[in-house]
Each structure stands twice: as structure tokens, then as C-alpha cells.
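Derivation of every value follows stated rules applied to the coordinates shown; laboratory data play no part. Predicted model only: the values in this text are computed from it and were never measured. We place every Cβ from the backbone using ideal geometry, glycine too, and count neighbours over all the protein chains shown.
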Amino acid sequence: MSSANFSLASKVKLPSGKLMPQIQLGLYLMSRREASTAVRWALAAGYRGFDSAQMYRNEKEAGHAIRNFLANPEENTEGLTRQDIFFTSKLASSSTSYQAVRRSIRQSVDACGLGYIDLFLLHSPYGGREARLTSWRAVEDAIDDGEVKSGGISNYGVAHIEELMVSEPRIPPSVNQIEVHPFNTRTDIRAACAKYGIVVEAYAPLARAMRMKHPTIIKLSKKYSCTPAQLMVRWSLQHGLVPLPKSAKRERLLENVQVGGFQISNEDMEEMDDLDEYLVTDWDPTDAP
Ligand SMILES: NC(=O)c1ccc[n+]([C@@H]2O[C@H](COP(=O)([O-])OP(=O)(O)OC[C@H]3O[C@@H](n4cnc5c(N)ncnc54)[C@H](OP(=O)(O)O)[C@@H]3O)[C@@H](O)[C@H]2O)c1
């Protein structure tokens, strides 16, 4: 168990060699206006990582909010620069057309207006083997061309990870972003990622707020004098994951990252692990053909 005192300043090192913030703000299901406001609040609170996607339709607003913050000395009191921010986006659909994927990546870079994207993921394994491997080649070449700094995959199950790794990619994936929380622990996929040194980002780390009143979550939140959301984020961090809690509300996005003041014991971590019920909060493409 980690005794690290996690905060918004905590970073993990990716296989690409780049550093990535260990807690980031998820931007799914935020309207353009919400994304724009939430990113500003989050930057002011110390968040440095933002998880967007082509499918979320807020790359442009998130990117512009980051640029505006950096350019405004009244808000950017620490004198942060683009290099201090970590911006992720994801390819909506993998394709057997290499050129279509390259074009799509460039469109994301243009949309966010940040000059480059720190982490670009293939959003899902849908599309079949040829689309997955062709799309990965396009990500590798986008890295060579400086459009993207690190590449990764999302919703890849064990078989998809093996398929990519046996193809001997020129650049291995840095990240697999999957649903992980105490109610869906995905130990199989996490083990496959560990085997190849792939960092696991935990999406829906709050189980989409579906289990906030679960008796074990309530009991342990009382024990550690924290909120259910803080308990779940801390569980994620102590497992070495990179949680991406989403909130469009200022008080909640502040609350969700106050996780440095307590440590969940080994015994309680195990009790939380045992809550696994394979709860899928959104979609589960991990066994796509
Ligand atoms: N790669 C993928 O396929 C994929 C899929 C899903 C998600 N993701 C990424 O992961 C991020 C997080 O996942 P998610 O948004 O699905 O779920 P989540 O972060 O587990 O939960 C978000 C939900 O919890 C609520 N919430 C947030 N903080 C709370 C608090 N302190 N107390 C009570 N409720 C709280 C939010 O409502 P309010 O906003 O109203 O506070 C929202 O309804 C996404 O935003 C996205 O970036 C990726």
C-alpha cells in the first residue's frame, strides 16, 4: 500500500518518458459552457490535467479555457505555461484508413488550440483488428511529427492489449484508460497493463455517483472523516491508478481532490476491492471483436 501524500501536484512517469498529473478532471457529459467554466475553476484550484475527447464535443472550449487562463496574469498568478498543463483527447472512431486517422488527430490539435496534445488515445477497440493497428500507426506518426506527446488506448481488454503488443509497435502505448472503481475493479486488465508497463487511468472513479450511499462506502467515509467521493479517489490512487473524477460543480471539483489527509488501511482497501459487482456505468467495449 502506498503511503504517498497524494495531491494535484502528484505526477506519474509514462513509458514515453513524459510526466502526467496523477489526478485529472474528467470532462465527459459537460456542455461546452460547463467545460469552459469548470476548466477555469479547476486550474485556479491546482488541477493541471484535463481529459477530453472528440466525442465529448468540448475540446475547443476546454483548450480555449486553458489558453485564456494562461494568458491572464490575474488568474495565472503562478506564471504557468503550456508545458505545465496536460491535455488529453481521444479518437472517436478507429479506422482502417491511416489518412483519416491522421486528419482526425490534426483536427483535435487545431480544435483545442494548444499547439499539441499531451496524450492522445484510441477511444475504444471497436472497428476490428485492422482498424486498431492502423489507427495505432497513425498515433505513432503523430507523435513523431510533434502533434501528440504520448499515445495510448482506452477500453482495451486483455486480448486487445496482447494483439497490439505482439504486433511489436514502434512506440508502445503509455496509457490504457478503462472503467475502474471499487464496484468494477478490472483486475484482469490492470494485470495485463502492468505486464507491459502501461499506466492505467481510471474512468468513472466515482462510479458515476451510483454507489455514494452504499453502506460500506458510508461506513468507511465516516471512519476516515472524508466524503464518499474522496474515499473512492483515494482508493484509486492507493492502487497506483490515475483517477479522472468529473464534476461540473465548483465545490465538488474542489472536494474530490482533497485526498492527502488520510490513508486507507490494507484491510479496508481489501474490503473495498470486495465490493466488485462488475458495475458498468456507461459502456463496456473491452470484449469487442
Ligand atoms: N474512455 C472512456 O470511454 C470514458 C468513459 C467514461 C468516462 N471517461 C472519463 O472519465 C471521467 C470520469 O468519469 P464519469 O464522468 O463517467 O464519472 P465519475 O467521475 O465517476 O462521476 C461523475 C458523476 O459524479 C457526480 N459527482 C462528482 N463529484 C461528486 C461528489 N463529490 N459528490 C457527489 N456526486 C459527485 C457528477 O455530477 P456533477 O458534475 O453534477 O458534480 C457526475 O454525475 C469522464 O468525465 C471522462 O473524462 C472516459
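How many Lys pairs in the chain lie less than 14 angstrom apart by Cα atoms, where the lysines are 8 or more positions apart or on different chains?
Values: 13/149; 18/149; 60/90; 90/149; 213/222.
Qualifying lysine pairs in the chain: 5.
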- Between 71, 134, 184, whose Cα lies farthest towards the positive end of the dipole of the chain when Lys and Arg beta carbons carry +1 and Asp and Glu beta carbons carry -1, centred on the Cα centre? 71
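Please compute the length gained on full extension between residue 194 and residue 145, using 0.36 nm multiplied by the number of residues separating them and subtracting their Cα-Cα distance. Numbers along the way, then the final one.
Working: separation 49, 0.36 × 49 = 17.64 nm, distance 2.81 nm.
Value of the extension gain: 14.8 nm.
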- If R0 is 22 Å, what FRET efficiency do you get for residue 67 and residue 100 from their C-beta distance, rounded to 0.05? 0.20
- segment 105-259 - share of DSSP beta bridges that are antiparallel (%, nearest 5): 5
- Treating only the Cβ atoms of Lys and Arg (+1) and Asp and Glu (-1) as charged, compute the dipole magnitude of the chain about its Cα centre; round to the nearest 20 debye. 700
- Message: Is the C-alpha gyration tensor of segment 218-269 telling us rounded, prolate or oblate? Criteria: a/c under 1.5 is rounded; beyond that, a/b larger than b/c is prolate, otherwise oblate.
- Response: oblate
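Using only DSSP helix segments of four residues or longer, with each worth -39500 (n - 2.57), what per-residue ellipticity at 222 nm results for the chain after dividing by its residue count and rounding to 500?
Numbers: 10 runs with 110 residues, N = 289.
It comes out at -11500 deg cm²/dmol, rounded to the nearest 500.
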- Filtering the chain for DSSP H helices with an axial alpha carbon extent of at least 24 Å and a Kyte-Doolittle mean of at least -1.0 returns none
- Which values, in whole Å and largest first, are the semi-axes of the equivalent ellipsoid of the chain obtained as the square root of 5 times each eigenvalue of the Cα gyration tensor? 28, 24, 16
- Note on the structure: Of 266-279, 233-246, ordering from highest average Cβ density within 10 Å down gives 233-246, 266-279
